[in-house]
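Report on the structure given below.
The values are calculated or read from the model by the stated rules, or taken from the named source; none is laboratory data. From a predicted model like this one, the values you see are computed outputs, not experimental measurements. Because the Cβ atoms are built from the backbone with ideal geometry, glycine has one as well, and the counts that use them run over all protein chains shown.
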Amino acid sequence: MPETVTVGLHGVQLKRFEQVVAKLLTHITPRYSQLPSPPHPLQEWKGTGKQGQIEDPVRAQRKQNQIRSLMRCILSLIPEEVLSIETTTKEEEKTYTIVDFGGGSGHLSIPLALTLPQCRIICVDLSAPALTLLYEKAKEFCTAGSVPEGVTTATINSKELQATCISNLFTFHGPVQAFDFHLDMAVALHLCGEATDVALRVAAERQASAMVLSPCCVGKLAGDGGNPYVFQASGQNHSTISYPQSSKFCQLILGTAASANKYNRKVKTSEYSNPAETTNGVVSDRSDWDALAKSADYSSMPETRTPRNAARRTAKALLETDRSLFLQEAFQYETCLTRMDPWEASPKNDIILAWRRASRYSSYHPAKMPADVLCEQDILQTMNHLLSTSNEKDRVQCDTVDWTKEEEDEIRQKIIEFLESQSGSSGVLLFPTRMGGRKRKLIHFVAEQMHLAHWSHGKKEAEKTVAVSRVRQRI
Ligand SMILES: C[S@@+](CC[C@H](N)C(=O)[O-])C[C@H]1O[C@@H](n2cnc3c(N)ncnc32)[C@H](O)[C@@H]1O
């Protein structure tokens, strides 16, 4: 990487990955949109019976939050005319196919199949034991029209798939790159390392109209040849994708004047090349990329929201921005980046949404989603920490991410209760004094998000508080 930022705020020496993040942030700022919220019962999916099969209640809740976040994205991208199709449509008449790449034991595929009977769901996975577990779980929900006992295969559009007890749920046992079937939407929840990038190529090549990808194990994107567990996409220990993938990141990280034109859509998935490969086939030095990928692969739950981990979250945001740019330039998708709700659903909580441009979007389509203020402040926080030159205005805005989702919800609830008690009149909610500056900032932040008037009240420290109202007024 040509230019390097080595010293951060207050002259602190930056770690290697922080130097890479700092350098990238001077050229590119990851953007987050709010998680879509389509009006459909599925987005409130609560889990059914033994479907979760995760005994630890904390893990089960986290998985449920992951699934609900993905559901919201999936629903926002399914065309309205598909959602309004008669739910009793016969299998051969189902036209919309959603493929869950690396779907494992069906955590996402099963609720999708149960709640979207008008769609066909195919769960693709390498692991036979995971798919066996899926068949077992599906038995709990045997649906009318599902295959008779003992029948295990189904031929759809002259391709063979494995059937399950849920009539619109099928499985494909094999690696992602061997999947050769029509699909409308590709989804992947925590598909390991570069397998996500193989899946997005497979989907793009088969003209998928939309994708919902929540990548994980991004440390495996580092080309650490000495580590036998680096690559899983092919089931073998060799890479099939070169990183970075987008021209912009190739320029910034490798310093090569790479162009997306080098990407050849005609070649088979196993032979894909991308801009990281130079014209003579020699892969440039990517140690900066490796530092970025490894730092982004954190798994500590308590660090999911802390200010001190903001640089790692930003490293992850940058990796997902590279993927998004690649989807745009190589396959002409529109994309946006969003995050699971709450962030604590998983340390791997980023979600990439991709879709084909259309002339009309529903009001909850990702193309219409406003920016996610909290995610963007998180990136500002990193900028303030790493770039000693970032401006004063940004600094003031940034240190507001210092609270939990629960604290934020508690304040929001208090404000909602107050507004409801006012039944249309414009009273002022005056919070107690002596809450401390941090809590006051939180109230300002929540009120701003709710588009309410909010201002400081009281001069001496012991009298200071925050006033919130529909319209600003004297008190
Ligand atoms: C972390 S698990 C996620 C499972 C599921 N999506 C979920 O969230 O519960 C990753 C899954 O991807 C599968 N997988 C990894 N590489 C794959 C590949 N190249 N082709 C197909 N499946 C793959 C693994 O077998 C595993 O079931």
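Taking the stated definitions as given, is F181 assigned by TED's automatic domain parsing to the domain that holds G102, modelled with pLDDT of 90 or more, surrounded by fewer than 22 Cβ atoms within 10 Å (Cβ to Cβ) and closer than 22 Å to L77 by Cβ? Considered against the rule, which asks whether it is assigned by TED's automatic domain parsing to the domain that holds G102, modelled with pLDDT of 90 or more, surrounded by fewer than 22 Cβ atoms within 10 Å (Cβ to Cβ) and closer than 22 Å to L77 by Cβ, F181 comes out as yes.
Listed by position, the strands (runs of 3 or more DSSP E) enclosed by region 157-212 that each have at least 3 residues that are free of Cβ contacts under 8 Å to residues at least 24 places away in the same chain and more than 10 Å from the ligand (Cβ to nearest atom) are 159-163. In summary, no strands (runs of 3 or more DSSP E) completely within region 422-475 bear 3 or more residues that are touching a helix residue (DSSP H, G or I) at 6+ places or on another chain (Cβ under 6 Å).
Checking each residue in region 64-76 for being within 18 Å of M301 (Cα to Cα) and either more than 12 Å from the ligand (Cβ to nearest atom) or in contact (Cβ under 8 Å) with a residue 60 or more places away in the chain (or both) picks out N65, Q66, I67, S69.
Among the residues of region 293-300, is there at least one that is within 16 Å of Q245 (Cα to Cα) and in a loop (DSSP other than H, G, I, E, B)? No; the residues of region 293-300 include none that is within 16 Å of Q245 (Cα to Cα) and in a loop (DSSP other than H, G, I, E, B).
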